[in-house]
1. Using a Gaussian network for the chain with springs between C-alpha atoms less than 10 Å apart, which of these wobbles most: ALA233, ALA113, ALA178?
2. Can you list the lysines whose alpha carbon is less than 26 Å from that of LYS81, not counting same-chain residues fewer than 8 positions off?
3. Given Cα pairs under 8 Å that are at least 6 residues apart, what percent is the relative contact order of the chain?
4. When we measure straight from the Cα of LYS248, which lysines land under 20 angstrom away, once same-chain ones fewer than 8 places off are left out?
5. Counting Lys and Arg as +1 and Asp and Glu as -1, what is the net charge of the other residues whose Cβ lies under 15 Å from the Cβ of ILE105?
6. As a test of the formula, what do you get for the chain when each DSSP H run with n ≥ 4 contributes -39,500 (n - 2.57) and the sum is divided by the residue count, at 222 nm and rounded to the nearest 500 deg cm²/dmol?
7. So how much slack lies between LEU83 and ALA249, counting 0.36 nm per residue of separation and subtracting their Cα-Cα distance, in nm?
8. Between SER134 and GLU182, what is 0.36 nm times their sequence separation minus the Cα-Cα distance? Round to one decimal in nm.
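The values are calculated or read from the model by the stated rules, or taken from the named source; none is laboratory data. Source: prediction; values computed, not measured. Here the Cβ positions follow ideal geometry from the backbone for every residue, glycine too, while neighbour counts run over all protein chains shown. When the accessible area is computed, the model is the full protein with side chains, heavy atoms only, and any ligands, DNA or RNA have been set aside. Shrake-Rupley method; radii C 1.70, N 1.55, O 1.52, S 1.80 Å.
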Amino acid sequence: MLIAGNWKMNKLRDEASVLVGEIVGGVRRHDEVDVAVCPPFVYLDMVVSACRESGVDVGAQDLYYETEGAYTGEISPPMLKSLGCRYVIVGHSERRNLFGETDRIVNKKLRAAYSAGLIPILCVGETLEQRDSSRAFEVLNGQITYGFEGIDDECIANTVIAYEPVWAIGTGQSASAAQAEEAHAYIRERVKDFTRGAIADSTRILYGGSVKPENALDLLKQQNIDGALIGGASLSAKSFCEIVRIAKALK
Ligand code: PEP
């Protein structure tokens, strides 16, 4: 089980410092549930320091696919690794929809993450229009197939997938446990189709989209849901730590 918080573009420096302090204080170290926070780039160094020895891992929200050079404003995978990041979110729907990130770019970013020794959290998910026109699975299939194109099994085994229906992100309207479970089972089948061995069985598939303490239990107890990627509720240490406790109680 992995519970990861995506702070997105929120919190000023002092607020970020208080939030990570409260999370570190509120999350007891335990083997059953892995916990990670993904702050904005500018706070990574501070957050990594605050999380040292706490059992809370740190991830970045994005990366660029080149290792160094004339790419003004971008952040390379080795930079993230050198700061102490364990995870990096790749292909979040906000990157796809607001910044034009295509599956081809996502594929390059995944490869760059593996090369640097980072664990990517690959986000996939359909829009409301795609769901309403019965194309949700087709969209998931495309995002997974093109995202993983040419990537070997060993790397896929080292990937976390997050199913994040776009219509559920930041809207307060989570997918139902049954809708999420259906999509997760489909994603696992797709991973099974193009990997060998038991990789798909152990692939962590997180649910993301308006997860909060009130709906976490229902979602996390589904067979194919292996954790959560949390946006809004991760900005409150109380809510985030409560979700971690719910996950732990399920184990
Ligand atoms: C997210 O953006 O990854 C997310 C799941 O956001 P929220 O929890 O706010 O819906």
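1. Result for the chain, Cα springs under 10 Å: ALA178 fluctuates most.
2. Result set, ordered by chain and number: LYS8, LYS11, LYS108, LYS109.
3. 21 percent
4. Within reach: LYS212, LYS221, LYS238.
5. Residues near ILE105 contribute -1 overall.
6. -13000 deg cm²/dmol
7. The LEU83-ALA249 span can extend by a further 56.6 nm.
8. Working it through step by step, the gained length comes to 15.9 nm.
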